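Report on the structure given below.
Read-outs throughout are calculated quantities, based only on the coordinates presented, and are distinct from any laboratory measurement. Worth saying up front: this structure is predicted, and the values here are computed from it rather than measured. Using ideal geometry, Cβ is built from the backbone for each residue, glycine included, and neighbour counts are taken over all protein chains shown.
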Amino acid sequence: MAVIVQKYGGTSVGSLERIQNVARRIAKTFDQGNNVVVILSAMSGVTDNLIHMAEKITEFPDKRELDVLLATGEQTTVALMAITLKSMGYKAVSLLGYQAEILTDSKSTKARILDIKATRIMELIKEKTIVIVAGFQGADEKGDITTLGRGGSDTSAVAVAAAIKADSCEIYTDVDGVYTADPNICKRARKLKYVNYEEMLEMASLGAKVLQIRSVEFGMKYNVPIHVRTSFNEEEGTMVVNDDVNMEQLVVSGVTHNKNQARITLRKVPDRPGIASKILSPIAEAGLIVDMIIQNTRQGNMTDLTFTVEKKDYKPALEIAKKTGKEINAEEVVGDENIAKVSVVGVGMRSHYGVAAKMFETLAAENINILLISTSEIRISCIIDEKYTELAVQALHTAFGLDNI
Ligand code: ASP
Ligand code: MG
């Protein structure tokens, strides 16, 4: 008998009616002769509400207690699901994170899974019981409740699937798969049948919020194929798999964009050893994450240094940069919040050359100026003026042959 892990996100369990709908889906999978382990999120909006409540009391709620609070969201849905399945005549049991023996480190609100001793889950499977596990939560060695960071149920699901060596891991979410671009801005975006773990990691870090990044890392490490799909219809979604399953032979599998960017430039700073660290260390010490960095040399031992941050970090980063700028006699420190990052991603880039050239040509043909460039082995990103984002994504989508796959 196959063991199937199914994870349902907040939208899929957002009301009693939807919980009943999902219960029928679980029951059907079970009736087809499978063992089913279900991982659930909280009902949509619930985690946000709980955070807001705590923040109404105090700006920085104690993190240990926040985890106790947030874990209630998933506690509610697993109980309701088990009640529903039992009322339909099925054997079902709900388990909280610690009952499923999901051991994590002690970093409240962003804990990492260390180990899953799935003995209890395995025993229940043997008794032909449907197991409903609360996603997003675990417990540390002391037994304190922890949560895995926003979107953490995805990671719970893939980790449980790895621990019990499940035959498949289905993630039911509010999109029906992984697309070649955001369908909201690119009408010709296509659903991918397959995507590689590494591509998915790049896409997730670029802002395509389909799966929590850590769940993809887990999938890659333990080779768990992840099927991303929706609970609102029966259609197949996208399989996130490793390299050997190839796929559609694409050079570029996706074009992503991220408007949540800002850049800061320090003009005419002395070009001497230690200057980049002098500028960037205080930014890092303030906990602000720098994405791209570029340094251009001017004449006379002067240089311009530009870096990008997320929009929410723009103001504090600019303030720090201005202070450093004064200390090192920069001519001026300027910033720009109206920028966006567009990227092309694909493992096919490893065996094809000319991808960067094609990307630059395509943007040039649309008269879009490139402000910054960064690359990895399987990704090329350009920072452009925010107002050209849609145009850039559409043009790249066409140029890399993704309109008709
Ligand atoms: N309920 C949690 C959140 O909203 C975890 C999840 O849904 O994956 O982040
Ligand atoms: Mg999610």
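Numbers at a glance
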read-out	value
Distant-in-sequence amide H partners of T146 (H built 1.01 Å from N, under 5 Å)	G138, A139, D140
Residue-span extension gain [N338 to E235] - 0.36 nm each, minus C-alpha spacing	33.2 nm
Fewest-first sequence of S351, S94 by Cβ atoms within 10 Å of each Cβ	S351, S94
Under DSSP loop assignment and at most 14 Cβ neighbours within 10 Å, longest chymotrypsin sites (Phe, Trp or Tyr not before Pro)-free interval of the chain	1-231
Taking S343, S153, S15, S381 and counting other C-beta atoms within 10 Å, the order from fewest to most	S15, S381, S343, S153
Within the stretch 58-106: Cβ-based charge dipole about Cα centre, in debye rounded to nearest 20 (Lys, Arg +1; Asp, Glu -1)	420
Mean separation of Cα contacts under 8 Å (6+ apart) over length of the chain, as relative contact order %	13
Global geometry of the stretch 162-314, whether rounded, prolate or oblate, following the gyration tensor of its Cα atoms and the 1.5 cut on a/c	prolate
Extension gain from K56 to K315, taking 0.36 nm per residue of separation minus the Cα-Cα distance	90.8 nm
Table column - 3J(HN,Hα) (Hz), the stretch 89-101, Karplus curve with 6.51, -1.76, 1.60, x for Gly and Pro	x, 9, 7, 9, 9, 8, 10, 7, x, 5, 5, 7, 6
Lys/Arg +1, Asp/Glu -1 at C-beta; the chain dipole; positive extreme among A157, G138, T238	G138
Rounded, prolate or oblate (a/c below 1.5 giving rounded, otherwise prolate when a/b exceeds b/c) for the stretch 6-47 by Cα gyration tensor	oblate
Shape of the stretch 171-256, Cα gyration tensor, a/c cut at 1.5	rounded
Karplus-derived HN-Hα couplings along the stretch 200-214 (A = 6.51, B = -1.76, C = 1.60, θ = phi - 60°), whole Hz, x at Gly and Pro	4, 4, 4, 5, 5, 6, 8, x, 7, 8, 7, 10, 5, 3, 4
Estimated dipole of the chain in Debye, rounded to 20 [Cβ of Lys and Arg +1, of Asp and Glu -1, Cα centre]	220
Largest-first principal axis extents of the Cα set of the chain (Å)	79, 52, 32
Listed residue pairs exceeding 30 Å between alpha carbons, taken from K56/K209; K7/K110; K193/K311; K191/K341; K193/K341	K193/K311
Sites matching GluC sites (Glu not before Pro) across the stretch 159-247 that sit in DSSP coil, with at most 13 neighbouring C-beta atoms within 10 Å	E234, E235, E236
Bridge type composition, the stretch 86-161 - antiparallel percent by DSSP, nearest 5	55
Pair L16, K63: separation of 7 Å Cα→Cβ label points (nm)	3.8
